[in-house]
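I'd like to ask some things about the structure below.
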Amino acid sequence: MAFTVAALMSQPANLDLLIVGAGPCGLAAAISAQRAGLTARVLDAGSVVSTITQYPYYVSFFSTSEKLSLGGVPFVVATEKPTRRDGLAYYRAVTRHFALDVRQYERVVAVEQRDGGFVVQSETLEGVHSSTPARAVCVATGYFGSPNRLDVPGETLPHVTHVYREGHPAFDQDVVVVGGGNSAAEAALDLWRAGARVTLVHFGPTFDKKIKPWVLPDLQNRMKEGAIGSRWNSRVASIEPGFVAIRGPQGVERVEARFVYVMTGFAPNTELLRAAGVPIDATTGIPAHDPETLETSVPGLFIAGVVVAGFDANKVFIENGRFHGDRIVARLLGRPVPPTPRLSAELDT
């Protein structure tokens, strides 16, 4: 299905592009559409950039602020790396600056093909149902809310969490942190600084390769002095109140843990796409799509942001995902797809 301006305008809808997800990449797509003269609306089950609200309170971005900016609006901060609070304030300001049509707390429940376009079914917190016609749809739903689970007994107990915010509630408590990436490393350090007794468990022999360079030496020194315990080449076998059963090189041991932090990352939720008829690769988790235009196998249905990368979320960040909207709009208007700037510094939190 070749999209041109004339073809778009011939479709029976007032909205040119409906974007599912008000994260930075979804907002960027709305800005791209608006600048091209297209009408766009963004629906989100939570708040604007709700993913960032899930970051630890103290966190700083890996990337510098200029690489997180949208629509040419300067992202000015006093420090080298913007904080979570800086990011929330900036993206609120961008939403206001462009007067984007963002509907917060309106969850999309279905994307249906109809009359050469789409009808998007949604529901608000108050239970109000809506059907919104649109000529094209972009799914930019991010990955928070769908954690990579351990699938072990006890993972759903109330003292187990897949989201980390701060260490204070764990003061003077035994805790277990599961994972070997940035989230696990920073959580372990923050918990230790808050006075928790921390044991880190990871299935590999050491930390993942992409640990922030200013975090790793601090954590390694804490482990070397015995302030933070570690269980390498080990997996959680089960979780129970007060303990975690860990299977490692020496067999199974029970480690005391009043709180358990499962920092194993997240995977994009592709259920909307699957239900709309887009095949999802079982191995990679990547929806069937054209990597140049980001149009899925369903004509007029696009993807943007981390959902493009499937299970390998480390391939797409705000830094490169913010340009996805330009490629989608180019496809809609029948223009050459602009190249995406090379990722000069990976972004992780």
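Using a Gaussian network model of the chain with C-alpha springs under 10 Å, which one of Gly285, Gly154, Gly72 is most mobile by mean-square fluctuation?
Of Gly285, Gly154, Gly72, the most mobile in the Gaussian network model is Gly72.
To continue, here is another question. Extending each Cα 7 Å along its Cβ direction at Thr53 and Gln220, get the distance between those two points in nm, one decimal.
3.9
Quick check on the chain: helices-only [θ] at 222 nm, where DSSP H runs of length 4 and up contribute -39,500 (n - 2.57) each and the sum goes over total residues. Nearest 500, please.
One gets -6000 deg cm²/dmol as the mean residue ellipticity at 222 nm.
With each pseudo-label sitting 7 Å past Cα toward Cβ, what's the Asp281-Glu123 distance in nm, one decimal?
3.3
While we're here: Below 8 Å, C-alpha to C-alpha, sequence gap of six or more: please give me the relative contact order for the stretch 200-349 in percent.
Rounded, it is 12 percent for the stretch 200-349.
How about Lys210: which aspartates and glutamates have a C-alpha closer than 18 Å to its C-alpha, ignoring those fewer than 8 places off in the same chain?
Glu186, Asp218, Asp312, Glu319, Glu346, Asp348
Sticking with this one: Given DSSP loops and a limit of at most 15 other Cβ atoms within 10 Å, what is the longest stretch of the chain that contains no such trypsin sites (Lys or Arg not before Pro)?
1-148
Counting DSSP beta bridges with both partners in the chain, what percentage is antiparallel, nearest 5? Spell out each step's value before the answer.
Details: 31 of 59 bridges.
DSSP beta bridges in the chain are roughly 55 percent antiparallel.
Relative contact order of the chain: what whole-number percent is it, with Cα pairs under 8 angstrom and at least 6 residues apart?
21
Given the alpha-carbon gyration tensor of the stretch 31-89, what are the semi-axes of its equivalent ellipsoid in whole angstrom, ordered largest first, with each equal to the square root of 5 times an eigenvalue? Display every interim value, and only then the final one.
On the way: eigenvalues 116, 56, 10 Å².
Whole-Å semi-axes of the equivalent ellipsoid: 24, 17, 7.
In debye, nearest 20: dipole of the chain around its Cα centre with unit charges on the Cβ of K, R (+) and D, E (-)? Before the final figure, lay out the partial values.
Working: 33 positive and 34 negative charges, 96 e Å.
So the magnitude is around 460 debye.
OK, next. Could you give the nm distance between label points at Asn14 and Lys210, where each point is 7 Å from its Cα heading toward the beta carbon?
4.2
Shifting gears a bit: Once you list every other residue whose beta carbon is under 15 Å from the beta carbon of Leu27, what net charge do they have if Lys and Arg are +1 and Asp and Glu are -1?
Residues close to Leu27 contribute a combined charge of +2.
Can I ask one more? Residues with beta-carbon under 12 Å from that of His129, excluding His129: net charge, scoring Lys, Arg +1 and Asp, Glu -1?
Combined, the nearby Lys, Arg, Asp and Glu give -2.
Coordinate-derived values only; no laboratory data. As the structure is a computational prediction, the values presented were derived from the model and not from experiment. Glycine gets a Cβ as well: all are built from the backbone with ideal geometry, and neighbour counts include every protein chain shown.
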